[in-house]
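A.B. asks: Below is a structure I'd like to ask you about.
The values are calculated or read from the model by the stated rules, or taken from the named source; none is laboratory data. On a predicted model such as this, the values are computed, not experimentally measured, just so you know. Using ideal geometry, Cβ is built from the backbone for each residue, glycine included, and neighbour counts are taken over all protein chains shown. Side chains are part of the model used for accessible areas, which takes the heavy atoms of the whole protein and leaves out ligands, DNA and RNA. Shrake-Rupley method; radii C 1.70, N 1.55, O 1.52, S 1.80 Å.
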Amino acid sequence: MLKRYGTLLTIMCTVLTMLAQNADSAQMRIDSLTRMIQEMKLKELILESELYENGRSAREDSLRQIAQKQRIDSLRQTTPGVPLVVDGDTLFYIHASLGGNDALHRAAAAARKITLIGKSLKVTTDSMHIFEGEYTADIMCGEIVVLSISDLDGLWNGLSRLELARQLLPIVSAEIHALHAEYGLKAKLTGLGWAVFLIVVQIVFFLLTIRLIRWLRQKIINGLGGKLKPLAVKGYVLLNMHQQKRILLALTRVLQFLLILLQLFISLPLLFSIFPETEKFTWNMINYVWSPLRDTMLSFIYYFPNLVKIVVIIMVVRWLLKGLRHLSNEIAAGRLKIDRFYQDWAQPTYHIIRIFVVAFTLVVIWPWLPGSESGIFKGVSIFVAALFSLGSTTTIGNLISGIIITYMRPFLVGDYVAIGEREGEVIEKNAFITRLKDIKGNIITVPNNSILSQQTVNYTAAARDGQGSVVHSAFTFTYKVPRQTIEGYLLEGAARCQLLLKEPAPFVLVTALEDFYTRYEINGYTTQTDRLFEVYSELHKNIIDVFSEHDLDPTSSHFVKVTQIS
């Protein structure tokens, strides 16, 4: 363009030169040409300025694009971009911001639009197209803008915005088509059909289960066709037919509940898994049941070696206790005799040893018990131990007293004893209490702790040795009656008693000489220690009869307790 203007100026100069030679005739024309030359020079200057500005802008734009590309290549190595994720699938990555929205918000908005369009009941991918605007290329579905792509997005991917839009369009279209195939109207109708079919099948299984249970119940009521018989062990009927029927009928109810529960556990997950919207709920429901079962099975597998150790220790201890029990039974029965070890010690000793063996076994297996190292387990153990210690002081005292009484042997079961103010036959003696049965048939329970703190008289001990126990009663007479007479009458009354032994013979003691009378005591031997009240009653009756026969009246009399001669 500058050359063209230069040529034109040369021509004009030549013309001016020629016209200058003829100044007079062409003065007006010269002035006109001069003005034209000035205007053309001004335009030249303007064109030169515009060309310079345009060249500098083009050079700067080129340099700016090169710098942008270098920066984008550097950022691409360290910045992975924001993934556009739809229904768990990553379609592509967005790196640049657009219109005040960063990449994260652009990806989220595009994902929502793709999901909304794909899950609509009616949609067609034929409406997918690209609209190229002044600043962006838009991927559209009908009138909805799914994603806008800028030049900066193209630079991030090394493409123009239109090329990048054409590359991403099939990806977005395929995802929308896949979502529609899973959530669309056809999928909904198909799932509804399967749901109806599954419900009908479940109802049929419910009815069959109910008919099966009714058939079983009727069979049980009819006695299983004569196969149901009373359950007896060595002549003792454990369960008669009526009791067995009741148990079996109860089991049928449990069976019906388990069958229905099993069917629901299978059918409900299948029903919810038909529709994608409820599929996650299905897996959650399965996990609620499967997770505890899985954890339980894994815990059992990990705990199995310790369980084997515990079982082995328990079996060894069990065999040991069986051997000790057999040994104690042999000693208690008298078939095995050990010097200075009484038969009645056998069972208590066995129980004491068993307590210590069980306690030692518990201490050994304690570290292998599940949860023994947990703080909760230790806290509960300490709490139970504290309650036991605080609440069992009296119990422990009775237990220790029972052990002492067992090995002191102040009385045996069957002995007639007096413990403090209580008298009766010993009918039970255990580690904590002793039970007596008095002459009137009343059962008296005496704590072992109180026995050690009271006087105990055993009337049966001497009788068991063959000599018998001494019963005695005191009478008083004035000094006017000769001693020989009183002694003779007392011995005569004792001789009439059938419950007193003839050998050793009864005897009389003068126990006191008071101011106005003499105190006599009649003594006799008896082996009927369990009938002492009858012995005393018979003795007193006979003595009163003898006194009456001889017209004697004792001035004072009272009865004293029996004493034991070893």
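A.B. asks: Every residue in segment 300-332 that is touching a Phe, Trp or Tyr at 6+ places or on another chain (Cβ under 7 Å), open to solvent by less than 50 Å² (accessible area, probe 1.4 Å) and within 15 Å of Thr361 (Cα to Cα), please.
C.D. replies: The answer is Asn306, Ile310.
A.B. asks: Ok, one more. Considering every residue within segment 339-346, establish whether at least one is over 22 Å from the mean Cα position of the chain (by Cα), of a type in the set (Phe, Trp, Tyr), over 22 Å from Lys429 (Cβ atoms) and in a helix (DSSP H, G or I).
C.D. replies: no
A.B. asks: From the residues in segment 333-349 that are in contact with a helix residue (DSSP H, G or I) (Cβ under 8 Å, 6 or more places away or on another chain) and touching a residue at least 12 places away in the same chain (Cβ under 8 Å), which one is most open to solvent (accessible area, probe 1.4 Å)?
C.D. replies: The extreme case among them is Gln343.
A.B. asks: Return only the number of the condition from (1) under 24 Å from Ala178 (Cβ atoms); (2) at pLDDT 80 or above; (3) surrounded by 12 or more Cβ atoms within 10 Å (Cβ to Cβ); (4) out of contact with any strand residue (DSSP E or B) (no Cβ under 8 Å at 6 or more places or on another chain) that His105 does not satisfy.
C.D. replies: Every listed condition holds for His105 apart from (1).
A.B. asks: Mind listing whichever residues of segment 158-172 are surrounded by fewer than 19 Cβ atoms within 10 Å (Cβ to Cβ) and not aliphatic (A, V, I, L, M)?
C.D. replies: Passing the criteria: Gly158, Ser160, Glu163, Arg166, Gln167, Pro170.
A.B. asks: Just checking, which of Ile427, Ile451, Ile433 is open to solvent by 60 Å² or more (accessible area, probe 1.4 Å) and over 30 Å from Tyr520 (Cα atoms)?
C.D. replies: Only one candidate qualifies: Ile427.
A.B. asks: So, one more: For residues in segment 347-394 being outside any helix (DSSP H, G or I) and not acidic (Asp, Glu), which is modelled with the highest pLDDT?
C.D. replies: If we filter segment 347-394 for residues that are outside any helix (DSSP H, G or I), which is where we start, we get 369-374, 392.
Add one more test, that the residue is not acidic (Asp, Glu), and what stays is 369-372, 374, 392.
Working: Leu369: 79, Pro370: 75, Gly371: 70, Ser372: 67, Ser374: 69, Ser392: 60.
Top of the filtered list is Leu369.
A.B. asks: Let me ask something additional. From the list Leu179, Leu228, Leu248, pick out the single residue that is in contact (Cβ under 8 Å) with a residue 24 or more places away in the chain and out of contact with any strand residue (DSSP E or B) (no Cβ under 9 Å at 6 or more places or on another chain).
C.D. replies: Numbers: Leu179 fails: out of contact with any strand residue (DSSP E or B) (no Cβ under 9 Å at 6 or more places or on another chain); Leu228 fails: in contact (Cβ under 8 Å) with a residue 24 or more places away in the chain.
The unique qualifying residue is Leu248.
A.B. asks: Which ones in segment 328-359 are of a type in the set (A, V, I, L, M, F, W, C) and either over 20 Å from Ile403 (Cα atoms) or touching a Leu at 6+ places or on another chain (Cβ under 7 Å) (or both)? Break it down into steps so the answer makes sense when it comes.
C.D. replies: Applying the first criterion (of a type in the set (A, V, I, L, M, F, W, C)) to segment 328-359 yields 331-333, 336, 338, 341, 345-346, 352-353, 355-359.
Of everything in segment 328-359, those that are of a type in the set (A, V, I, L, M, F, W, C) and either over 20 Å from Ile403 (Cα atoms) or touching a Leu at 6+ places or on another chain (Cβ under 7 Å) (or both) turn out to be Ala333, Leu336, Ile353, Val357.
A.B. asks: Next up: Filter segment 515-544 down to residues that are assigned to a helix (DSSP H, G or I) and in contact with a helix residue (DSSP H, G or I) (Cβ under 7 Å, 6 or more places away or on another chain) and give me whichever is nearest to Phe477 (Cα to Cα).
C.D. replies: Ranking the qualifying residues of segment 515-544, first place goes to Ile543.
A.B. asks: Within segment 495-505, is even one residue open to solvent by 40 Å² or more (accessible area, probe 1.4 Å), under 60 Å from the mean Cα position of the chain (by Cα) and without any contact (Cβ under 8 Å) to a residue 24 or more places away in the chain?
C.D. replies: Here is the first cut: in segment 495-505, the residues open to solvent by 40 Å² or more (accessible area, probe 1.4 Å) are 495-496, 498, 501-505.
Going one step further and asking which of them are under 60 Å from the mean Cα position of the chain (by Cα), we end up with none.
No, segment 495-505 contains no residue that is open to solvent by 40 Å² or more (accessible area, probe 1.4 Å), under 60 Å from the mean Cα position of the chain (by Cα) and without any contact (Cβ under 8 Å) to a residue 24 or more places away in the chain.
A.B. asks: To continue, here is another question. How about segment 477-494: which of its residues are part of a loop (DSSP other than H, G, I, E, B) and either open to solvent by less than 50 Å² (accessible area, probe 1.4 Å) or not charged (D, E, K, R) (or both)?
C.D. replies: Thr478, Tyr479, Val481, Pro482
A.B. asks: Return only the number of the condition from (1) part of a helix (DSSP H, G or I); (2) at pLDDT 80 or above that Leu412 does not satisfy.
C.D. replies: (1)
A.B. asks: Then there's this: Checking Tyr135 against (1) without any contact (Cβ under 8 Å) to a residue 60 or more places away in the chain; (2) loosely packed, with under 14 Cβ neighbours inside 10 Å; (3) under 57 Å from the mean Cα position of the chain (by Cα), which test does it fail?
C.D. replies: (3)
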